[in-house]
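Remarks on the structure that follows.
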Amino acid sequence: MTDWVDDADGFAELVDRLADVDVYGLDTEFHRERTYYAHLALLQLSWSGGVAVVDPLAVDVAPLERVLRGPGVCVMHAASQDLEILQRVCGTVPSRLFDTQIAAGFVGYSSPGLGPLIHGELGLTLPKADRLTDWMTRPLGADALAYAASDVAHLHELYDVLVGKLEARGRRQWAEDECEVLRSRAISAPVPERAWWKIKEARSLRGRAAAVAQTMAAWRERKASTVDRPVRFLLADLAMVAMAQRPPKTEEDLQRVRGLDDGKRRGSAARELLDVVVEGMALDLHEVQVPPSEGVDRSRRAVASLVSAWAAQRAKELDIDAAILATRSDIETFLMDGGGRLADGWRHDVVGGPIRALAAGEASLAVDESGRLVLETRSGTPL
């Protein structure tokens, strides 16, 4: 039985009910196609023996903060965007998070969707989602409500099964550590001065071009958040890169910028863009936040490829999602400066330490009789 909650008194009762539970499930439905921020359309909550779907268009859901800050474990699936929404509408994220997608990666799954995971672990089939559903519509149809409720209805059972498997493999702490990384990341505010790092064509810019790109992207990010519009609606990436490479000085120059909307080539919009370009031209180059280097130098690419193959094999042997254990980027970062995700914690114990020994010349990779890559103590004897 699913409760539909669309008034303040009903939501207050729900918060009271959830405040003292040990484990609760949570999911959201939202839209963000034409906005900077995701706009909450539904809030789904579950507890042992119950499910509620809350209408945030009729109810202020901010009081859920009491539950989120409480001692209960919040069970979610692929929680990244949901956490962003909770931070915005409730001012906080859960104090304790268990992401079932992350946990599944430690017991043999590779970034599974909720449906396949529940089917694989509980033998249940969830209702199929309609990707075209407008979650802002009221009243919602019965099928849409059933789908929304199903997203949280079985999270308790799934939590119990996954925790059992993690404990049997000695990996519960690993999974909880990864969930904490995700939870903590959601609290961190984005840095506008690094927004230009997201633009592939801009990441290679240096010097004055990088300064202009940084300034323009930071301006675009801040303005988009203020007016709640997608950044691309304010200024296309192509136009930004073009202006960073050849900074315009006049409205006439703006006429020649590729990808720039006509409305931004003249008038107050044009003057605003030109002012931002001037700001970028005046920025001290020491204040430019350059993105991290991508990839290792050419001399180490073969080593990175070989180590990546070994790490992928290690993940298969341990029945862990390779993307969780060590990505190619993780390996390249570690080989370059000894930093990143492989530098400490459980990843260092499993792969970081052996890779460090390999990079220091204390170990070597070999192929055993079964065709597996193995790390061995280096003999130092040339063939």
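The values are calculated or read from the model by the stated rules, or taken from the named source; none is laboratory data. A quick note: this is a predicted structure, and the numbers were derived from the prediction, not measured. Note: ideal-geometry Cβ built from the backbone for every residue, glycine included; neighbour counts use all protein chains shown. All accessible areas refer to the heavy atoms of the entire protein, side chains included, with ligands and DNA or RNA removed. Shrake-Rupley method; radii C 1.70, N 1.55, O 1.52, S 1.80 Å.
Observations, loosely collected:
- Shape class for the range 78-171, computed from the alpha carbon gyration tensor (a ≥ b ≥ c): oblate, with a/c not under 1.5 and a/b at or below b/c.
- Dipole in debye (nearest 20) - the chain, about Cα centre, beta carbon charges: Lys, Arg +1; Asp, Glu -1: 1900
- With q set to 0.11, 0.17, 0.20 Å⁻¹, the log10 of I(q)/I(0) for the range 1-153, from the Debye formula over equal scatterers at the Cα positions, is -0.41, -1.03, -1.46.
- The range 186-253-the range 62-114 distance, computed between alpha-carbon centres (Å): 31
- Each residue, Ala58 and Thr381, gets one label point 7 Å from its Cα in the Cβ direction; the gap between the two is 8.0 nm.
- The range 281-383 - Kirkwood radius from inverse mean 1/r over Cα pairs (Å): 15.0
- Per DSSP, loop GluC sites (Glu not before Pro) in the range 337-383 with at most 15 further Cβ within 10 Å: Glu362, Glu369
- Overall form of the range 340-383 per C-alpha gyration tensor (a/c, 1.5; a/b vs b/c): oblate
- Helix runs (DSSP H) in the chain reaching 20 Å along axis by Cα, Kyte-Doolittle at least 0.0: 267-282, 301-318
- The chain: proportion of alpha-carbon pairs further apart than 26 angstrom, %: 64
- The count of lysine pairs in the chain with alpha-carbon distances below 26 Å, taking only pairs 8 or more places apart or on different chains, stands at 10.
- Shown here for the range 1-73: GluC sites (Glu not before Pro) in loop regions (DSSP other than H, G, I, E, B) with at most 10 other Cβ atoms within 10 Å, namely Glu33.
- Restriction of the trypsin sites (Lys or Arg not before Pro) in the range 13-58 to DSSP coil positions whose beta-carbon has at most 12 other beta-carbons within 10 angstrom yields Arg34.
- Those residues of the range 164-201 whose amide nitrogen sits under 20 Å from the label point placed on Asp284, 7 Å along Cα→Cβ: 192-194
- Calculated FRET value between Gln173 and Thr133, using beta carbons and R₀ = 30 Å, to 0.05: 0.20
- Rh (Kirkwood; distinct C-alpha pairs) - the range 91-230, Å: 18.8
- Maximal additional length on extending the Ser184-Ala142 stretch stands at 11.5 nm, based on 0.36 nm per residue less the C-alpha distance.
- Carbon + sulfur, % of accessible area of the chain - ligands and nucleic acids excluded, 1.4 Å: 50
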